[in-house]
Amino acid sequence: MNKARFSILDISGDIGISTAGATLPDVFVNAGMALYSLSTDVDAVQEQFAREVHVEADTCDVLLIRFLNELIFLLESEWFVGHRIEIGAMQCDLQGGKPAVLSARIQGEEFSPDRHERRLLLKAATYHKLRLEQQKDGWYAEVIFDI
Amino acid sequence: MAELKRIDAYRLLVPRDYKEGMRTDGIIFVDEHLQKDLEKGAIDQVANVATLPGIVGRSMAMPDIHTGYGFPIGGVAAFDMKDGVLSPGGVGYDINCGVRLIRSNLIKAEVMPKMSELVDALYKAIPSGVGSKGRIRLNERDRERILLKGARWAVEQAYGSQTDLENAESGGCMTGADPSSISAKAYERGLAQQGTLGSGNHFLEVQYVDEIYDEAAAGVMGIFQHQITVMIHTGSRGFGHQVCTDYLEVMGRAAEKYNIQLLDRELACAPFSSPEAQDYFGAMNASANYAWANRQCLTHWTREAFYAFFRVSPREAGMSLIYDVAHNIAKIEEHLIGGVRQKLVVHRKGCTRAFPPDHPDLPDRYRAIGQPVLIPGDMGRASYILLGTQKAMDETFGSTCHGAGRLLSRHQAVRQAKGRAIRREMEDRGVVVRAAGRETLAEEMPEAYKNISNVVDVVHDAGISKKVARLRPLGVIKG
């Protein structure tokens, strides 16, 4: 499994996460695993089958929001919770110009209230105070979820 | 940047020169006490809304204001149908999140001793929380019908009666729903979630009438002292959330296309008459109908649970619907602007319609007293029944507050509740609670919210609503 490395941000009605990673794909993985950790205890999720997501956007930060909203869609339509995220192809040009694309494969299983802890239902990943930036020693992101 | 100016004890002016680009002033309905908790981010959002094209009158916010996405929670803004915009951010992710109140012939003394068992029975009857599946399986035909008919669809399936429809805002059904403007994803996400409560601040609450302020109006609503009522707070579930997510993308592109300057990506919008806005309006109306059907189905199962639990007939139980309000919605309404009747697109986000007596949109039984307004508080203190007023019509496009408004973040609340048994604390206060989520009770504890009575006093004293009754919680189900 991917160990979720993130911190919770205090937001008046909802919840936000901040996460750092050595590479851009690391930040996407961390943000995705943070999302699953807000929904349930990820340690109890087994890798029974995989789902694939593919997203495109004009910019990297929008790509991150679309990626997270895809995970929310899988969670809510199939109750699919992830245990491990593998980033396949990723193209993200911070200067813009080229469209940003991402393919990811997520190993996990169907949420079962008997075995999995119920935490939060996430309505969406929002653009509110969204941050995705390259820093001296890697990448950093902040995302706020509507609860 | 100009300073805020206090107009009177209940109104705060956000002057037009507070922020560059504002086309009108902002007004926030707060007294000095609630002003202490007013967030800078929320004031900025009132100002941001005032920059949007075609805004009519002022950008306003109610005393339960807090920072939202794009528009503030507690915000109301009206736009010209020709030059104005429609914005998903002015409606929110949970389209037609709303509240309904069901009366009964039961009284507190006979229900209270059995509250724990009753709450268990309701918890079983009402699917809630992460992973909950609705009791309804929609086929291809019904999944479109629900979007076109709203609560009417549910009543046709025998989940309620004609009177339920008469006593819901807009009759529990928005015209102009367009199923073809809904993405495959929204359909898929909504398929299994019809007939579910959700989580977060959504709830089903058994209450009793604790105080009556207006006997005559209470009489019209069938409300009496110590009576048991049930309040349901939920919305369009994953269906509406997906519609909002989808259309934020569409409207973001549209804003660029129509050269609308956005101070915040969550303010994405398009001219009301544009194809993009019309598509969103069709999808929003469909989502509103999904929500009304949802609240109607939950009402039906609540009634069934009560009939079985107390071994009473529907007639004996007397569980008719008092009213149902939407507090996240955009509607076309007629308002008097400078003495001229004008059709406007009114956005209410965390804000309740509060129409006055004699308004043509009210059901006959409420024509003389005005529209019932239902204001839920936190799970420990109180909720209120109010009425709409002419002053609201004149001043706030017929709008008022929608709830208590949060004081603590979810994370702060969990931290403050550490080591405490919230469930037992609630029981000591005389409220039986059940929640699906592990941390829901901590996140939703009473201290996490502003005191609802302070919020309601402001709208009552400002004259934009009128108090009818106060309800106290006895049993609460949360997701």
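Numbers for the structure displayed
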{"item": "Linear extension gain, B:S116 paired with B:Y213, 0.36 nm per residue minus alpha-carbon span", "result": "32.0 nm"}
{"item": "Around B:M251: net Lys/Arg minus Asp/Glu count, Cβ-Cβ under 14 Å", "result": "-4"}
{"item": "Sparsely packed GluC sites (Glu not before Pro) within segment B:1-76, loop by DSSP, other Cβ within 10 Å at most 14", "result": "B:E3, B:E20, B:E39"}
{"item": "Residues of segment B:39-70 buried by at least 40 Å² on assembly (accessible area, 1.4 Å probe, chain alone as reference)", "result": "B:Y69"}
{"item": "At most 10 other Cβ within 10 Å, DSSP loop - GluC sites (Glu not before Pro), segment B:307-388", "result": "none"}
{"item": "Debye-sum result for segment B:198-288 in log10 I(q)/I(0), which assumes one identical scatterer on each alpha carbon, at q = 0.10, 0.16 Å⁻¹", "result": "-0.50, -0.74"}
{"item": "Phi to ³J(HN,Hα) by Karplus 6.51 cos²θ - 1.76 cosθ + 1.60 over segment A:104-111, Hz, x for Gly, Pro", "result": "9, 10, 10, 8, x, 7, 7, 4"}
{"item": "Between 0 and 90°, nearest 10: helix B:452-461 axis offset from chain B longest Cα axis", "result": "60 degrees"}
{"item": "Projected-area average for segment B:74-212 over all orientations - Cα convex hull basis, square nanometres", "result": "11.9 nm²"}
{"item": "In degrees, nearest ten, helix A:60-78 long axis to first principal axis of chain A (Cα)", "result": "20 degrees"}
{"item": "Under 5 Å, built H, 5+ apart or other chain: amide partners of A:I15", "result": "A:F145, A:I147"}
{"item": "Area accessible to solvent at A:H54, 1.4 Å probe radius, in Å²", "result": "110 Å²"}
{"item": "Residues with amide H under 5 Å from that of B:I322, placed H, sequence gap 5 or more", "result": "B:L101, B:I102, B:R103"}
{"item": "Karplus-derived 3J(HN,Hα), 6.51/-1.76/1.60, for each residue of segment A:121-134, Hz, glycine and proline x", "result": "8, 9, 7, 6, 8, 10, 8, 5, 6, 5, 10, 9, 8, 8"}
{"item": "Helix axis angle, B:40-49 relative to chain B longest principal axis, alpha carbon, degrees", "result": "60 degrees"}
{"item": "For segment B:427-479: Kirkwood Rh in Å [reciprocal of mean 1/r, alpha carbons]", "result": "13.1 Å"}
{"item": "Size-normalised alpha-carbon gyration radius of chain A, reference 2.2 N^0.38 Å", "result": "0.98"}
{"item": "Cα-based reach from A:K98 at 25 Å (exclusive), listing lysines while leaving out same-chain residues under 8 positions away", "result": "A:K129, A:K136, B:K257"}
{"item": "For segment B:10-20, Karplus couplings with θ = phi - 60° (6.51, -1.76, 1.60), whole Hz, Gly/Pro x", "result": "10, 10, 10, 8, 9, x, 4, 8, 5, 8, 5"}
{"item": "Debye intensity ratio I(q)/I(0), log10, the protein assembly as shown, q values 0.09, 0.11, 0.12 Å⁻¹ (C-alpha model)", "result": "-0.67, -1.04, -1.26"}
{"item": "Label point distance in nm, A:Q135-B:Y258, each placed 7 Å from Cα along Cα→Cβ", "result": "3.9 nm"}
{"item": "Cα-centred dipole magnitude for chain B, charges only on beta-carbon of K, R (+1) and D, E (-1), debye, nearest 20", "result": "1000 debye"}
{"item": "Exposure of A:D41 as accessible area (Å², to 10), given a probe of 1.4 Å and all protein chains", "result": "50 Å²"}
{"item": "Segment B:318-375, accessible surface, carbon-and-sulfur percent (1.4 angstrom probe)", "result": "51 percent"}
{"item": "Heavy-atom SASA rank of A:S39, A:S7 (probe 1.4 Å, accessible area, largest first)", "result": "A:S7, A:S39"}
{"item": "Threshold 40 Å² - residues in segment A:119-133 whose accessible area is reduced by that much or more when the chain is no longer isolated, probe 1.4 Å", "result": "A:R119, A:L120, A:L121, A:K123, A:Y127, A:H128"}
{"item": "Under 5 Å, built H, 5+ apart or other chain: amide partners of B:S199", "result": "B:G129"}
{"item": "Chains A and B together, accessible area buried on both sides, 1.4 angstrom probe, square angstrom", "result": "3500 Å²"}
{"item": "Alpha-carbon centroid distance for the pair segment A:129-147 / segment B:133-203, whole angstrom", "result": "36 Å"}
{"item": "Inter-site label distance for A:T59 and B:S161 at 7 Å from Cα along Cβ, in nm", "result": "5.6 nm"}
{"item": "Segment B:104-167: trypsin sites (Lys or Arg not before Pro) in DSSP coil with no more than 16 other Cβ atoms inside 10 Å", "result": "B:K133, B:R135, B:R137"}
{"item": "Positive minus negative residues near B:G463 (Lys, Arg vs Asp, Glu; Cβ under 10 Å)", "result": "-1"}
{"item": "Rounded Å value of the spacing that divides the Cα centres of segment A:1-25 and segment B:67-99", "result": "28 Å"}
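The values are calculated or read from the model by the stated rules, or taken from the named source; none is laboratory data. Note that the structure is a prediction, hence the values are computed from the model and not measured. For neighbour counting, all protein chains shown are included, and Cβ atoms are generated from backbone atoms with ideal geometry for every residue, glycine included. Protein only, heavy atoms only, side chains kept; ligands, DNA and RNA dropped before computing areas. Shrake-Rupley method; radii C 1.70, N 1.55, O 1.52, S 1.80 Å.
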